[in-house]
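Accompanying notes for the structure given below.
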Amino acid sequence: MSRVTYTNTPDRIDQEAVRVSHGVRVVADREEGTGVNALPGGVYGYTYSPGLPNAPLFAGRRFRSYETHKLANGDVFVIAYTNAETARQIEDTTADVTVRVHAEPQEDAAVLVRIPYARIRQHRQYAAPNQDGFLVTLSLPPAGPVSTGR
């Protein structure tokens, strides 16, 4: 019988740059396990339940856990990786689009994307630590000024 070991995964430079631009700090010990909806603005953490309004956030990054940011204004973003074509679809879509993103960069998915919770229309509603990617349907970006988290 094989055994799976989940270990910490190192951060990348592009992740740190996004954290700085979003103005977030890692969740404190006393905040760990709290749903992103109940956390104060200006925090980030990791979850196996990306896109859920009450996704619990933890300070430690684990295998296939998704970085999630809650900005000071309350906007929430999933930080993920995909290929260049899918990243363009997320940014420049003219219709709802269903995409697969990954918690960590992969050979065929190394472009960092920021997915606003406000655009998430449909996804699987459960934790998925062993799922290869997160399949999500995104709505059109709203017209006019929009928070892209940049």
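The values are calculated or read from the model by the stated rules, or taken from the named source; none is laboratory data. As the structure is a prediction and not an experimental result, all values here were calculated from the model. Cβ: placed from backbone, ideal geometry, glycine included. Neighbour counts: every protein chain shown. For accessibility, only protein heavy atoms count, side chains too; no ligands or nucleic acids. Shrake-Rupley method; radii C 1.70, N 1.55, O 1.52, S 1.80 Å.
If a spin label sat at a point 7 angstrom from the Cα of SER21 along the line to its beta carbon, the backbone N atoms of the stretch 104-124 nearer than 13 Å would be those of 112-116.
Taking every protein chain into account, the 1.4 Å probe leaves ASP92 with about 110 Å² of accessible area, to the nearest ten. With the whole protein complex present, TYR44 retains an accessible surface near 30 Å², based on a 1.4 Å probe. Computed on the stretch 50-100, the Cα convex hull volume stands at 115 Å³ per residue.
Would you mind checking the stretch 84-98 for residues with the amide N under 13 Å from a putative spin-label position 7 Å along Cα→C-beta of LEU135? Taking a point 7 Å out along Cα→Cβ of LEU135, the residues of the stretch 84-98 whose backbone N falls under 13 Å are 98.
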